[in-house]
Amino acid sequence: MEGRLAMKTTVENRVQETSTRWRAPRYWLLGAAAVSCWALSYHLAAGPGEVLAPLYAADLPVEAVSTVDLFFYQLAALVAGGAVGMVVAAFRTEWRKPLAWFIGTHYLAISAVSLGFSFAWFGDPFGLIQWAVFSPLALITILAARSTKSPATARD
């Protein structure tokens, strides 16, 4: 009887340890998804007036205007997709690590490109601030990926 009780306690401790280990990355991913939603709403609320209105008013070829217009909404779709992916990764433990790595490294690449263009065009990091949003999101998402054990080893 004591052996069964000890084994049951060990299993309960292991389940508790595993659920605690999976909980922190879940919260990080949900927080990053919330920040992504905030960034998306800001992008869609302020962007058309700040970026697209002057573009439409300028005497530019339609190809240039349509290309920037397309990229503006592609970025919105990227951020929305990243938020959805983070929510899925938060709740689907078997998908967490690959999704978090993919989204995190993608956001890190966007940060690097934004920072590079900011220095190239404006000579300072705050000419384009997109990197200031994508960098923390990338780091939080990568941290969640690194803190997640693969599902195969989490069952052991």
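Some notes on this structure:
- Likely footprinting exposure, 137, 70, 55, fewest C-beta neighbours within 10 Å first: 70, 55, 137
- Förster radius 25 Å - calculated FRET efficiency between residue 129 and residue 88, Cβ distance, rounded to 0.05: 0.35
- Within the range 75-156, the trypsin sites (Lys or Arg not before Pro) that combine a DSSP coil assignment with at most 13 other C-beta atoms in a 10 angstrom radius are 92, 155.
- Counting only Cβ charges, +1 for Lys and Arg and -1 for Asp and Glu, the dipole size of the range 17-128 around its Cα centre is about 800 debye.
- Whole-Hz ³J(HN,Hα) from phi, Karplus 6.51 cos²θ - 1.76 cosθ + 1.60, for the range 33-44, glycine and proline x: 5, 5, 5, 4, 5, 4, 4, 5, 5, 5, 4, 7
- Rounded if a/c under 1.5, otherwise prolate or oblate - the range 78-156, Cα gyration tensor axes: prolate
Readers should treat all values here as calculations from the given coordinates under stated rules, not as data from a laboratory. These figures come from a predicted structure and were not determined experimentally. Every residue, glycine among them, receives a Cβ derived from its backbone with ideal geometry; neighbour counts consider all protein chains shown.
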